[in-house]
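Enquirer: There's a structure below that I have some questions on.
The values are calculated or read from the model by the stated rules, or taken from the named source; none is laboratory data. This one's a predicted model, so the numbers in the text were calculated from it and none came from an experiment. Cβ placement follows ideal geometry from the backbone for every residue including glycine, while neighbour counts extend to all protein chains displayed. Note: accessible area is taken over every heavy atom of the protein model, side chains too, but ligands, DNA and RNA are not part of it. Shrake-Rupley method; radii C 1.70, N 1.55, O 1.52, S 1.80 Å.
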Amino acid sequence: DLHAEVGAIRGYFGATRVIRTIQEAGLYVIARIVVFKDRQLYGYQDGRYALWDSRSNEPWGVYRDGEQIEHWVDPFSSFVWDYNIAIARELEARGVDEIQFDYIRTPSDGFVRNIEYRYRDDSPAMDAADPFVDDRVEALAAFLARARSEIDIPIGIDVFGFNGWYRMGYLGQDIGALSAHVDVISPMLYPSHFAREFAAELPYVPRAEVLYREGVARARRIAGEY
């Protein structure tokens, strides 16, 4: 089994039994899958699918006090896509009600200017790439399109809150493009994700209320809901 070979399997509990027990209690089960920030897949075959550092010619990472704290894989790799879709398909077979893809983006921290996407030119996402659209958006949309074709239950994604406030391609999260392939988009409208100058005239709680209410309304419009 590939996922065992990668070292991604941990025997914490019997997933099928837990899912069934939760559903018997009348609850809806969403399985969260962290997609492109993946320590195990990053190290597989000596970093074969890791983002690459163009300066040091080794796997790229985010470091703090000399220790690597973030491990990212290449979103253009069809192998990475299939690896994550296989996890989603197994969870679907085990009975979950919905798949939620998290960290479906490129890195925001570290020396991102040094990142080399080694699978960009060979990616299926590039077959129909729009030269006026960020190709990272194309890659994420292509991944979701493939997932949608292979998964029957609802699919959701998490995005940064400000990617739902305005339409942008920041880190590849253009929800106008991604919404065509998913059933649910959850904009993470944490007040801490917005600069202090954003609605700075408001106290904390009213500011948070504005971010939540207006942010959801804006995201719905960008996604084409109304």
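Enquirer: For residues that are charged (D, E, K, R) and either buried (at least 17 other Cβ atoms within 10 Å of the Cβ) or farther than 10 Å from residue 53 by Cα (or both), tally how many sit in segment 102-117.
Expert: 3
Enquirer: Filter segment 97-109 down to residues that are in a loop (DSSP other than H, G, I, E, B) and out of contact with any Phe, Trp or Tyr (no Cβ under 9 Å at 6 or more places or on another chain), then give me how many there are.
Expert: Result for segment 97-109: 1.
Enquirer: Now, a different point. Please go through segment 1-33 and pick out each residue that is in a helix (DSSP H, G or I), hydrophobic (A, V, I, L, M, F, W, C) and in contact with a Phe, Trp or Tyr (Cβ under 9 Å, 6 or more places away or on another chain).
Expert: 2, 6, 22
Enquirer: Report the residue count in segment 14-68 for those that are aliphatic (A, V, I, L, M) and either in contact with an Asp or Glu (Cβ under 6 Å, 6 or more places away or on another chain) or within 30 Å of residue 112 (Cα to Cα) (or both).
Expert: The number of residues fulfilling the criteria is 10.
Enquirer: What is the one condition in (1) free of Cβ contacts under 8 Å to residues at least 60 places away in the same chain; (2) in contact with a strand residue (DSSP E or B) (Cβ under 9 Å, 6 or more places away or on another chain); (3) open to solvent by less than 40 Å² (accessible area, probe 1.4 Å); (4) hydroxyl-bearing (Ser, Thr, Tyr) that residue 77 does not satisfy?
Expert: Answer for residue 77: the failing condition is (2).
Enquirer: Next question. Scanning segment 169-180 for residues that are in contact with a strand residue (DSSP E or B) (Cβ under 8 Å, 6 or more places away or on another chain) and under 21 Å from residue 109 (Cβ atoms), which turns out most open to solvent (accessible area, probe 1.4 Å)?
Expert: Of everything passing the filter in segment 169-180, 170 is most open to solvent (accessible area, probe 1.4 Å).
Enquirer: Quick check on my filter: what residues within segment 187-220 are part of a helix (DSSP H, G or I), within 19 Å of residue 157 (Cα to Cα) and among the aromatic types (Phe, Trp, Tyr)?
Expert: Scanning segment 187-220 gives a single hit, 212.
Enquirer: Residue check, residue 195 against (1) free of Cβ contacts under 8 Å to residues at least 60 places away in the same chain; (2) open to solvent by less than 50 Å² (accessible area, probe 1.4 Å), all met but one. Which one?
Expert: (2)
Enquirer: So, one more: When residue 183 is evaluated against the numbered criteria (1) crowded, with 17+ Cβ neighbours inside 10 Å; (2) under 17 Å from the mean Cα position of the chain (by Cα), which criterion, by number, is the only one it fails?
Expert: Tallying (1) crowded, with 17+ Cβ neighbours inside 10 Å; (2) under 17 Å from the mean Cα position of the chain (by Cα), residue 183 fails exactly one: (1).
Enquirer: Of (1) assigned to a loop (DSSP other than H, G, I, E, B); (2) hydrophobic (A, V, I, L, M, F, W, C); (3) open to solvent by 10 Å² or more (accessible area, probe 1.4 Å), residue 145 satisfies all except one. Which?
Expert: Failed condition: (1).
Enquirer: Considering each residue of segment 34-74, count those that are in a strand (DSSP E or B), in contact with a strand residue (DSSP E or B) (Cβ under 8 Å, 6 or more places away or on another chain) and either of a type in the set (A, V, I, L, M) or open to solvent by 50 Å² or more (accessible area, probe 1.4 Å) (or both), and give that number.
Expert: Number satisfying all stated conditions: 8.
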